[in-house]
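Novice: Below is a structure I'd like to ask you about.
The values are calculated or read from the model by the stated rules, or taken from the named source; none is laboratory data. All values derive from a computational prediction rather than experimental measurement. Please note: Cβ atoms are built from the backbone with ideal geometry, for glycine as well, and neighbour counts cover all protein chains shown. Ligands, DNA and RNA are excluded from the accessible area calculation, which covers all protein heavy atoms including side chains. Shrake-Rupley method; radii C 1.70, N 1.55, O 1.52, S 1.80 Å.
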Amino acid sequence: MMLVNDGSGEASQANYEYSNGEIQWCFSQVKGALDDDVTEADIISCVEFNDDGEFLATGDKGGRVVIFQRDPVSKNCIPKRGEYNVYSTFQSHEPEFDYLKSLEIEEKINKIRWLRRKNPAHFLLSTNDKTIKLWKVSEKEWRVEGLNLKEDSGTYRDASSLTSLQIPTVKPSPLVVEASLRRVFANAHTYHINSISVNSDQETYLSADDLRINLWNLEITDQSFNIVDIKPTNMEELTEVITASEFHPSSCNLFVYSSSKGTIRLCDMRAAALCDKHAKLFDEPEDPTNRSFFSEIISSISDVKFSYSGRYMVSRDYLAIKVWDLHMESRPIECYPVHEYLRSKLCSLYENDCIFDKFECCWNGTDTAIMTGSYNNFFRMFDRNLKKDYTLEASREVAKPKTVLKPRKVGMGGKRKKDEIGVDCLDFSKKILHTAWHPKENIIAVAATNNLFLFQDKC
């Protein structure tokens, strides 16, 4: 297993020199007001590029979905720029109340997943804790005039008053982007939905909550198949919960799910209708020297993602990010500490609940690099080819055109070097939980509270 760095960004210095092959990241855009006063509903809760990277969707705690489109001028200019403009904004979910359980259901968008594009319209799935919705986003550049039973204002005429018929005409109109609700998949989850994943067949998808995973057909809203159920007969015997799940990118029969015990199970739907027995179990034995009261909490996997090739997967726990080979279950082939300097701070992180934060992770389009978030608006990048890691920051200080991001370093000792930040000075209220990497170019989207930062490689 390859161990890289100590998580403090050792390679990060003020006078850092980028060597051959390394990406030099620079600021492109920031979406959202750079204010200290943040409304809870504006906090971004998920970020997702579509399959060709031309569109980028975000969901927030207010139940809204905002879709950004790649600016054609920035894409075609030399050098290319990774700039996006607002394409559509719509309210996906509203707050609800479960009267049977006397529970409020938040409108917060937990996940967004794009379907592969088949026609001029775009389709995407969005979910809150209980309900999944399929949205169609389409453009309208025409309007119909001269309807017999309808006025141009929209009011209807009395059919008995018609004395003649006319042929309606289609006329061009200003571009309107319309989001319309096509399907609602509800009442299938007792617990909070943490994952949705579209199958490679583009006909089915899965949704996962704490104890169950369901398989849906995109055309059928009133029926789903339960493919994983880990709920014990006696809830007092519950020892683990499902934390994330995803379909394999090319084999439609395979999917994985991770657990709060730090394990990942690969299941094959060809083996049985109910995948209670896994095909493979990926688990790394714990180092006894690191055993502590917090071991079980920090080993819980918050996210798991297949590589684009389907050969590898990346998992994120509280302190580290690991790369697994699907052909080797016993241990990860690579392990990258994300913020190892926080190990000595676990007690205070437990008291302020930060230890339960769910950090996501993502691959670049060639499976050669991975990215995840940290605290103080830091995010970490790991280059698998060059065996190097970087700590970068998404903050208002870098929000200037073409500003090159300087690698940051966290100092652990009493004496700090120039441009280092001490562990005690980190702001744990500023955290990067959600990141996304363009599937074909070096453009990244980083959600920092209510702001969406876009960075690109310096051409």
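Novice: Return the residue satisfying two criteria in turn: it lies in the range 330-350 and is touching a Phe, Trp or Tyr at 6+ places or on another chain (Cβ under 8 Å) and assigned to a loop (DSSP other than H, G, I, E, B), and of such residues it is most open to solvent (accessible area, probe 1.4 Å).
Specialist: ILE333
Novice: To continue, here is another question. State yes or no: is SER251 open to solvent by less than 30 Å² (accessible area, probe 1.4 Å), within 22 Å of the chain's Cα centre (by Cα) and polar (S, T, N, Q)?
Specialist: Taking the combined requirement at face value, the residue does not satisfy it.
Novice: Ok, one more. Here's a check for you: in the range 133-154, which residue that is at pLDDT below 85, open to solvent by less than 80 Å² (accessible area, probe 1.4 Å) and not hydrophobic (A, V, I, L, M, F, W, C) is nearest to the chain's Cα centre (by Cα)?
Specialist: If we take residues in the range 133-154 being at pLDDT below 85, open to solvent by less than 80 Å² (accessible area, probe 1.4 Å) and not hydrophobic (A, V, I, L, M, F, W, C), then GLY154 is nearest to the chain's Cα centre (by Cα).
Novice: Kindly provide the set of residues from the range 84-120 that are in contact (Cβ under 8 Å) with a residue 60 or more places away in the chain, more than 19 Å from GLU178 (Cα to Cα) and part of a strand (DSSP E or B), ordered by number.
Specialist: Passing the criteria: only LYS111.
Novice: Looking only at the range 402-429, which residues are touching a strand residue (DSSP E or B) at 6+ places or on another chain (Cβ under 6 Å), within 21 Å of GLY32 (Cα to Cα), open to solvent by less than 60 Å² (accessible area, probe 1.4 Å) and assigned to a loop (DSSP other than H, G, I, E, B)?
Specialist: If the condition is that a residue be touching a strand residue (DSSP E or B) at 6+ places or on another chain (Cβ under 6 Å), within 21 Å of GLY32 (Cα to Cα), open to solvent by less than 60 Å² (accessible area, probe 1.4 Å) and assigned to a loop (DSSP other than H, G, I, E, B), then THR403, LEU405, PHE428 are the ones that fit.
Novice: If LYS130 meets every condition in (1) modelled with pLDDT of 85 or more; (2) surrounded by fewer than 20 Cβ atoms within 10 Å (Cβ to Cβ); (3) farther than 30 Å from GLN29 by Cβ; (4) not aliphatic (A, V, I, L, M) apart from one, which number is that one?
Specialist: It is condition (2) that LYS130 fails.
Novice: Only one residue in THR263, THR190, THR221, THR239 is touching a residue at least 12 places away in the same chain (Cβ under 8 Å), of a type in the set (Val, Ile, Thr) and open to solvent by less than 30 Å² (accessible area, probe 1.4 Å), so which one is that?
Specialist: Answer to the selection: THR263.
Novice: Here's another thing I want to ask about it. Exactly one condition in (1) at pLDDT below 95; (2) among the hydrophobic types (A, V, I, L, M, F, W, C); (3) open to solvent by less than 30 Å² (accessible area, probe 1.4 Å) is false for VAL177; which is it?
Specialist: Of the numbered conditions (1) at pLDDT below 95; (2) among the hydrophobic types (A, V, I, L, M, F, W, C); (3) open to solvent by less than 30 Å² (accessible area, probe 1.4 Å), the odd one out for VAL177 is (3).
Novice: Tell me which residues, restricted to the range 180-224, are small (Gly, Ala, Ser), under 25 Å from GLU106 (Cβ atoms) and within 21 Å of the chain's Cα centre (by Cα).
Specialist: SER195, SER197, SER207, ALA208
Novice: Looking only at the range 351-380, which residues are over 12 Å from TYR318 (Cα atoms) and outside any strand (DSSP E or B)?
Specialist: Those that are over 12 Å from TYR318 (Cα atoms) and outside any strand (DSSP E or B): GLU351, ASN352, ASP353, ASN364, GLY365, THR366, ASP367, THR368, ASN376, ASN377.
Novice: Take the residues of the range 280-312 that are among the charged types (D, E, K, R) and open to solvent by 40 Å² or more (accessible area, probe 1.4 Å): which is nearest to the chain's Cα centre (by Cα)?
Specialist: Restricting to residues being among the charged types (D, E, K, R) and open to solvent by 40 Å² or more (accessible area, probe 1.4 Å), the top hit is ARG311.
Novice: Determine if the range 384-401 includes at least one residue that is among the polar types (S, T, N, Q), open to solvent by 10 Å² or more (accessible area, probe 1.4 Å) and under 18 Å from SER302 (Cβ atoms).
Specialist: No, the range 384-401 contains no residue that is among the polar types (S, T, N, Q), open to solvent by 10 Å² or more (accessible area, probe 1.4 Å) and under 18 Å from SER302 (Cβ atoms).
Novice: Another question, then. Going by what's in this entry, would VAL66 be described as in a strand (DSSP E or B), open to solvent by less than 40 Å² (accessible area, probe 1.4 Å) and in contact with a His (Cβ under 7 Å, 6 or more places away or on another chain)?
Specialist: On the way: in a strand (DSSP E or B): yes; open to solvent by less than 40 Å² (accessible area, probe 1.4 Å): yes; in contact with a His (Cβ under 7 Å, 6 or more places away or on another chain): no.
Against the criterion (in a strand (DSSP E or B), open to solvent by less than 40 Å² (accessible area, probe 1.4 Å) and in contact with a His (Cβ under 7 Å, 6 or more places away or on another chain)), VAL66 does not qualify.
Novice: Let me ask something else about it. Just need a number here: residues in the range 247-260 that are part of a strand (DSSP E or B) and without any contact (Cβ under 8 Å) to a residue 40 or more places away in the chain.
Specialist: Taking the range 247-260 first, the residues part of a strand (DSSP E or B) are 247, 254-259.
Then keep just the ones that are without any contact (Cβ under 8 Å) to a residue 40 or more places away in the chain; that gives 254.
So the answer is 1.
Novice: OK, next. In the range 136-181, which residues are touching a Lys or Arg at 6+ places or on another chain (Cβ under 8 Å) and free of Cβ contacts under 8 Å to residues at least 24 places away in the same chain?
Specialist: ASN148, LEU149, LYS150, GLU151, TYR156, ARG157
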